[in-house]
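*Asks:* Have a look at this one.
Every number in this text was worked out from the coordinates using simple rules, so none of it is lab data. Since the model is a prediction, treat every value here as computed from it, not as a measurement. Because the Cβ atoms are built from the backbone with ideal geometry, glycine has one as well, and the counts that use them run over all protein chains shown.
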Amino acid sequence: MPLTQRFWLRLLLTAAVFLLDTLVWGGDTQLITGNYIPVWLVVGIGGLGYSCLLIARSPVPGYIAMLILSASGLLLPAAESFAGFLLALFWISRLSERRRAWFALAWAALPLAINVYTGRTFHPDAPLSLTLINTGLWLVLIIGVWIAGRALARTHNRLATERQWAEDATEEARAMERLRISRDLHDTVAHSLTGILLQVAGLRAAQKNPNATTDIDGVLADIQITAEQSMRELHRLLGMLRAPDNGTDDSRPHGLADIGALITAAQVSGLAVTTETTGTPVTLDPSLEHAVYRVVQEGLSNAMKHAGEGAQVELTRQWAPHQLTVSIRSTSGVITTKPVSGGFGLVGLRERIGVSGGTMHHGPTPTGYLLQVTLPTAQAHVRLNTFGDAS
């Protein structure tokens, strides 16, 4: 959604909850001391607090402002800001990382407690059952709004991660296509030059033999035709290689150090990922590092698509003297969305592993799914912090 549309949506929602809380308040300005304050002062302070909900960079100021307005109920019992507080709680649970969202939910007990306190203090004749029903209703609303915000956050993070990984797969497909074009270029030029060299060698031999009847003009014409054809093919292939991309060209392939970012992205998207490493890690060739990266990416991607929310994923690496075994074992969670077809796939992954001299096994298990790949390793120096795991 464009920035302007998001702002107007926030403004509309903020104005709606401010109007709702104002109507519920009813204009009673009596403090607990018995004194009265001007209506404009209550409306002005409330409007200032609600305007903090419009701060787009962070939901924290708006949430703190709603907590302060809720606490003002200890001075002005008739004033409540529950609608504004619920909106602030939704935004902070939707836009914040998990720890901050849980912290915000814990602070939600403050306005709830103040509501119960003021209700029992200033309305002592009200039935206790009514207080319990009112408290239970607000508790359900608070938890429901928080869960809705976290669900949208997980969905957004999941879609963003899948989109990024799809872009990575597209970039890899483009790189593979360029590699194919480069091979075609090599084959074309090598074939043409070989033919030209043979023809030139024949001409040189004919010049040394006075009895030779070689048609020099015909041979030169053939050389010219071959060179012209090669030049046209060369221009065509170079044009394909120079085709503009949608972004900058980063020729560095992903490696082991980038796997930590994959794990973090999967965890943010709702997967519970645990990692374990056994054996002594060694430095791998860049092609093998990239193969391991793709294995982990494919395993986590499949878990995100097919295992569902709440899925448990175990990523293990077993380093042996001459091989590395990577296993991604997932247990099924709750599937809430239709899986999105990926662009890389297990078929392409198997081909990559086969080219690298490794083996791949995958299939369902009693509790979920297992993807296991074994790759040969060369003798090299010991590597520290191989996978760049996210702590």
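*Asks:* Once the Cβ-Cβ distance between Ile68 and Ala160 is put in as r, and R0 is 30 Å, what FRET efficiency do you end up with, to the nearest 0.05? Can you show the working numbers first?
*Replies:* Working: r = 33 Å, r/R0 = 1.10.
Working from the Cβ atoms, E equals 0.35.
*Asks:* For a quick check: with amide H placed at 1.01 Å from N, whose amide H comes under 5 Å from Val282's, ignoring anything fewer than 5 positions away on the same chain?
*Replies:* Result for Val282 returns Arg383.
*Asks:* Multiply the residue separation of Ala106 and Ile147 by 0.36 nm, subtract the distance between their alpha-carbon atoms, and state the gained length in nm to one decimal.
*Replies:* Numbers: separation 41, 0.36 × 41 = 14.76 nm, distance 1.32 nm.
Gain on extension, Ala106 to Ile147, equals 13.4 nm.
*Asks:* What spacing in nm lies between the two simple spin-label points modelled at Thr275 and Glu171, each 7 Å away from Cα in the Cβ direction?
*Replies:* Rounded to a tenth, the inter-label distance reads 1.9 nm.
*Asks:* Same structure again: Suppose R0 equals 51 Å; then what is the FRET efficiency for Val347 and Leu48 from their Cβ-Cβ distance, rounded to the nearest 0.05?
*Replies:* Here the calculated transfer efficiency is 0.30.
*Asks:* Calculate, for Arg57 and Asn211, the FRET efficiency according to 1/(1 + (r/R0)^6) with r their C-beta to C-beta distance and R0 56 Å; round to the nearest 0.05.
*Replies:* 0.05
*Asks:* Still on this structure, please answer the following. So, counting K/R as plus one and D/E as minus one, what does the shell of residues with Cβ under 14 Å around Ser70 add up to?
*Replies:* Net local charge, Ser70 excluded: -2.
*Asks:* Starting from 0.36 nm per residue, how many nanometres of slack lie between Arg120 and Asp28 once their C-alpha separation is accounted for?
*Replies:* Length gained, Arg120 through Asp28: 31.3 nm.
*Asks:* Find how much the distance from Ser129 to Glu228 grows on full extension, using 0.36 nm per residue of separation minus their present alpha carbon separation; answer in nm with one decimal. Intermediate values should be presented prior to the final figure.
*Replies:* Details: separation 99, 0.36 × 99 = 35.64 nm, distance 9.46 nm.
Taking Ser129 through Glu228 to full extension adds about 26.2 nm, to one decimal.
*Asks:* Further, regarding this structure: Quick one: grab the alpha carbon gyration tensor of the range 3-126, order the square roots of its eigenvalues as a ≥ b ≥ c, and give me rounded if a/c is under 1.5, else prolate or oblate depending on whether a/b is larger than b/c.
*Replies:* On the way: a/c = 2.50, a/b = 1.48, b/c = 1.70.
Oblate.
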